[in-house]
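Here the structure comes first, spelled out in structure tokens, and everything after it is commentary.
Just so you know, all these numbers are worked out from the coordinates, no wet-lab data involved. Quantities reported herein were computed from a predicted structural model and do not represent experimental measurements. Here Cβ is always computed from backbone atoms with ideal geometry, including for glycine, and neighbour counts include all displayed protein chains.
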Amino acid sequence: MTRIAIIGAGLAGLHLASRLQDKADVTVFEKSRGVSGRLATRRIDDYEFDHGAQFFTARSDIFMRFLAPFISSGVVQPWEPRVLTLAQGEKPYRRDWFECHYVAVPAMTSLCKAMAAALDIRLHAHVTGISPCAGPPRNAWSLQSGGETLPELFDWVISTAPLPQTRQLFQGPNAEPDILSGDEQADVLPCYTLMLGFETLPSLPLEAARVKHASIDWIALNHSRPGRSALPAMVVQSTHAWARQHVDSAEGQVRDDLLHDLANVLATPLPEPRVMALHRWRFAKAEPPLDTTYFLDADRQLAACGDGFTESRVEGAFLSANALADALVQRL
């Protein structure tokens with residue numbers, strides 16, 4: 001049976017593995033200690049922070065059909081917060097959402113954890129390189145991880161990692177896909193997430209907010225989401241442009257700058273947080289995304305997909321993986 005290695009256990013990698021597991025022997029390699037990628041939740045003491053993707057929408061019929069059983073089981077639920085637009089010195093105004101916005105329950109990781117249950121996934125497995133191995137009995141790929149070459153050989157290697165990491169993985173003799181190099185490169189932008197846990201919070205006229213003219217793009221009260229802890233928890237995300245300017249700044253300076261802008265846009269004094277943490281997403285958004293839904297090199301049996309190929313949205317990651325799965329099923 002064809003052996004396939006999939007790099008990355010986010011939504012794209014897990015959906016691709018689910019689609020292919022009846023056609024091939026599929027192994028998913030994930031460098032982290034758990035699945036989900038940017039559908040991420042962090043717990044600090046008793047506080048919960050969805051510090052990656054904040055929600056997702058379903059604008060295509062195929063993604064809605066995919067979500068349907070998870071909605072039926074309660075793993076995915078609508079989130080209907082009061083959303084404001086904020087800017088320092090300006091009157092806040094309500095922001096209406098005209099489509100359903102979903103979150104996974106009880107954490108953003110819950111959707112991918114449910115998807116992963118029937119898959120062969122290796123955690124703490126950081127694939128740092130691949131090498132072609134000429135037959136007999138067949139041409140194949142070996143994988144390097146943890147300073148060692150893994151004993152298995154794979155017919156296909158598929159990366160769902162961010163585009164810069166995929167380029168680095170695929171570079172080298174006989175393994176340099178043109179679509180992932182040169183003029184086709186997208187600018188992959190970073191983002192900072194500040195997590196604040198409070199004993200109590202003053203009454204605020206919002207549960208989420210978009211912010212203008214500041215280092216901050218988004219504010220959310222995590223405890224307003226369905227199934228979350230009631231402890232007051234706030235997630236603050238930077239703009240991509242500001243994060244790019246400060247991607248290598250000291251953590252303390254980034255935190256202080258975001259706290260300063262947070263106080264200005266809320267125009268309400270906040271108590272001292274009981275817990276505070278900062279996370280840098282170095283590869284958060286491809287801008288612009290590649291002008292193709294996925295990459296497939298049938299001769300070398302290399303492929304890649306993910307939200308960098310479409311819109312940097314949860315649904316985009318799914319659609320990219322689903323389209324690649326359609327193409328691969330015809331070859332297996």
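For segment 193-318, the relative contact order works out to 25 percent when only alpha carbon pairs closer than 8 Å and six or more residues apart are counted. To the nearest 10 degrees, how steep is helix 251-266 against the longest Cα principal axis of the chain, on a 0 to 90 scale? The two axes meet at around 50 degrees. Evaluated over the Cα positions of segment 78-140, the convex hull gives a direction-averaged projected area, one quarter of its surface, of 9.9 nm². Taking trypsin sites (Lys or Arg not before Pro) across segment 211-270, the ones in a DSSP loop with at most 14 further Cβ atoms lying within 10 angstrom of their Cβ are Lys212.
Measure out, as a whole number of angstrom, how far apart the alpha-carbon centroids of segment 186-236 and segment 1-50 sit. Result: 25 Å between the Cα centres. Shown in residue order for segment 229-237 are the 3J(HN,Hα) couplings computed by the Karplus curve 6.51 cos²θ - 1.76 cosθ + 1.60 at θ = phi - 60°: 4, 7, 5, x, 9, 10, 10, 10, 10 Hz (x for Gly and Pro). Indicate the gyration tensor shape class of segment 259-317 (rounded, prolate or oblate), computed on the Cα atoms with a ≥ b ≥ c the square roots of the eigenvalues: a/c under 1.5 is rounded; otherwise a/b larger than b/c is prolate and the rest oblate. Because a/c hits 1.5 or more and a/b exceeds b/c, segment 259-317 counts as prolate. A viscosity of 1.567 mPa s and a temperature of 4 °C, combined with the Kirkwood radius over Cα pairs in Stokes-Einstein, give a translational diffusion coefficient for segment 192-332 of 74 µm²/s. Considering all different alpha carbon pairs of the chain, the Kirkwood hydrodynamic radius works out to 21.0 Å.
As a proxy for reagent exposure, Ile71, Ile4 were ordered by neighbouring Cβ count within 10 angstrom, fewest first; the result is Ile71, Ile4.
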